[in-house]
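One structure is given here, and the rest of the page talks about it.
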Amino acid sequence: MGEDDFPVHVLLVEDEVFISDMVSDLLTCHGFDVRAVTNAEDALVHLRSGAPCDLLFTDINLAGPTDGAMLALAARRLRPELAVVYTSGTVAGSDLHAVPGSAFLPKPYNPDTLCAFLRDRATKARTPLRASA
């Protein structure tokens with residue numbers, strides 16, 4: 001089994017339902033296992049549940065009191081090994097107070113670029129686990 005063959009469990013946090021549905025469908029069609037939620041609170045519930053999650057893909061500007069950057073900090077406290085990718089159509093990656101080792105992918109993104117980028121980030125996050133096994 002090659003590196004690209006493992007299932008990537010993605011927690012997608014996007015408060016725009018149309019975008020969330022499109023991204024979820026796209027990722028699912030490309031072999032990702034996707035759990036989509038619309039806010040940070042639901043994302044944290046999912047992470048606390050113990051469900052598989054390799055990568056957090058979150059919009060920075062979320063409705064509610066917790067934005068994507070604060071969500072990522074809380075998520076890393078729960079799961080230090082979690083890969084994090086931020087996205088936004090209005091915030092520049094250089095303006096982001098990001099968690100260490102995270103990445104930024106600006107909107108709009110090309111579907112093929114998105115899938116390759118997320119798979120690459122998840123693979124890099126898993127690499128230390130493979131080396132210690």
**OP:** Provide the percentage of antiparallel DSSP beta bridges, counting only those with both residues in the chain; round to the nearest 5.
**Re:** 0 percent
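Name the helices (complete DSSP H segments) of the chain with a Cα length along the long axis of 30 Å or more and a Kyte-Doolittle mean of at least -1.0, or state none.
Details: long enough: 111-132 (33 Å, -0.50).
The answer, listed by residue number, is 111-132.
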**OP:** State the Kirkwood hydrodynamic radius of the chain in Å, one decimal place, computed from all pairs of distinct Cα atoms.
**Re:** 14.7 Å
Original post:
Taking the chain as a Gaussian network, Cα atoms linked when under 10 Å apart, which of Ser49, Ser24, Ser88 shows the biggest mean-square fluctuation?
Top reply: Ser49
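All of the numbers you see were taken from the coordinates with simple rules; none came from a lab. These figures come from a predicted structure and were not determined experimentally.
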